[in-house]
Amino acid sequence: MTVSLMDPTDISKTQDVETTPFPLDRWYVAALGKELTDKPLGRTLLNRAVVMYRTPDGQIHALEDRCCHRDLPLSLGTVEERGVRCGYHGLLFDGSGKCLEVPGQAKVPSKAKVSAYPVREQDSIIWIWMGSDASSEPNCEPPEYKVHSDERYRYDGDVYHYNAPYQLIHDNLLDLSHLGYVHLRTIGGNASIHMNAEMKVESEGDSVRVLRLMPGSTPPPTYTAAYPFKDKVDRWQEIVFHPSHLEIWTGAVDANTESLDDPNRGGFHLRGFHGVTPETDETCFYFWTQASNPVSNPEETMKLVIEQTAMTFDEDKVVIEAQYANMKRFPDKPMIDIHVDVGPNRARRIVDRLRGA
Ligand code: FES
Ligand SMILES: [Fe+2]
């Protein structure tokens, strides 16, 4: 089945493209705010080539990454006050995709336009509206993520490219039982405690919440390096899935000192934002930030937390890409489910429903 992405304002030829296997008419993470500096950023998102840029006044824009003159990617051009200038013959396009200038030619052809995408910068995250056709306008604002402005926390993050479909990252993040096997050097800990954690899975609308509690655990290396735990700890992991991103709140308090029901409990906290956006059917982008609440030496503690988080996510990338490569080597072999798969399977059912499968 094919769909037409024809934009009536675009002079480009009509293109028939494969229907994307992704939920459309929603916001996806396109970049971290810090990625958009003074140069255009080209990125394929949901099989569509997009160029994003920030003008000197701080405004962000996203256009189809294609000059309407001779098809050069606009991401190879330069950013100016009025827009992005193509790097081949200098056509200048504003944030709506309209051509403002053809160097050496007095009149700009009325059809000199490229498609524009709605974008927003919210809590230092760049969101893009991926519509089912060119006339699809946002019917809501992108999700807020207030942890980035919570003065109790500091954060940083990065963007990873994955040679694996985006739902394998959903699976990984919704099932933290893997910590005891994959992340022993950082946030792991005792594998048996992870596999036997008390787990609760709830669904509401397009979200899934997984809560895992591990009382009386030995704190893992990242935790002891970042926080002065006395001995055993009561650990929690709360994962909230949305089709465009996950929020993961994990941490620990000294064992038997505080209620894990108290949202203002002390101890060591990690609050992760995980934007997972398809690039193609087989590849994706993983936009992550990690926030924590350092109790002493904030600069050094956060440096350590971010380094260890990156190490953790590097370990996940190795596993997930190897998993996908092997799935392609054994395409006809069935997989079995175990007890840790309840959350991931619910998320997959939501994504299937949203894409009309
Ligand atoms: S290809 Fe862009 S100006 Fe010619
Ligand atoms: Fe992991």
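With a 10 Å Cβ neighbour count serving as the proxy for reagent exposure, in which order, fewest first, do Glu141, Glu282, Glu238 appear?
In increasing order of surrounding Cβ atoms, one gets Glu141, Glu282, Glu238.
Hey, what's the Cα Rg ratio for the range 248-289 versus the globular rule of thumb, 2.2 N^0.38 Å?
Compared with the compact-globule rule of thumb, the range 248-289 sits at 1.75.
Can you work out the Karplus-derived ³J(HN,Hα) for every residue in the range 147-152? Use 6.51 cos²θ - 1.76 cosθ + 1.60 with θ = phi - 60°, whole Hz, and x for glycine or proline.
4, 5, 10, 7, 5, 6
Can you pull a Stokes-Einstein diffusion coefficient for the range 146-354 at 20 °C (1.002 mPa s), Rh from Kirkwood over Cα pairs, as a whole number of µm²/s?
122 µm²/s
Apply the Karplus parameterisation 6.51 cos²θ - 1.76 cosθ + 1.60, with θ equal to phi minus 60°, to every residue of the range 61-77 and state each ³J(HN,Hα) to the nearest whole Hz, in sequence, with x for glycine and proline.
Coupling constants for the range 61-77: 9, 9, 10, 4, 8, 7, 6, 7, 7, 9, 6, 4, x, 5, 5, 8, x Hz.
Would you look at the GNM of the chain, springs on alpha carbons closer than 10 Å, and say which of Phe229, Phe22, Phe93 moves the most?
In this elastic network of the chain, the residue with the biggest mean-square fluctuation among Phe229, Phe22, Phe93 is Phe229.
Against the longest principal axis of the chain, how steep is helix 342-354, in degrees 0 to 90 to the nearest 10, with axes from Cα atoms?
Rounded to the nearest ten degrees, it is 20.
Sketch the reach of a paramagnetic label on Glu35 as a point 7 Å from Cα along Cα-to-Cβ, and name the residues of the range 136-160 whose backbone nitrogen lies under 20 Å away.
The answer is 142-149, 155-160, whose backbone nitrogens lie closer than 20 Å to the label point.
With only alpha-carbon pairs counted, each pair once and no self-pairs, how large is the Kirkwood hydrodynamic radius of the chain in angstroms?
Working: mean 1/r = 0.0452 Å⁻¹.
That comes to 22.1 Å for the chain.
Please list, in chain and number order, the residues 5+ apart from Asp156 or on another chain whose amide H is under 5 Å from its amide H, with Hs placed from the backbone.
Gln290
Would you work out which of Gly42, Asn190, Thr218 lies farthest towards the positive end of the dipole of the chain, given +1 charges on the beta-carbon of Lys and Arg and -1 on that of Asp and Glu, about the Cα centre?
About the Cα centre, the residue reaching furthest to the positive side is Gly42.
In whole Hz and in residue order, list the ³J(HN,Hα) couplings for the range 98-107 that follow from phi through the Karplus curve 6.51 cos²θ - 1.76 cosθ + 1.60, θ = phi - 60°; x for Gly and Pro.
In residue order, the calculated couplings are 7, 7, 9, 7, 10, x, x, 9, 5, 9 Hz.
Give me the Å³ per residue figure for the convex hull around the C-alpha atoms of the range 2-130.
On the way: hull volume 12.7 nm³, N = 129.
That works out to 98 Å³ per residue.
Can you list residues whose amide H is under 5 Å from Leu270's amide H, if they're 5+ apart or on another chain and H is modeled 1.01 Å from N?
Thr250, Gly251
Laboratory data are not the source of any read-out in this text; all were calculated from the coordinates shown. Just so we're clear, the structure is a prediction, and the values are computed from it rather than from any experiment. Glycine gets a Cβ as well: all are built from the backbone with ideal geometry, and neighbour counts include every protein chain shown.
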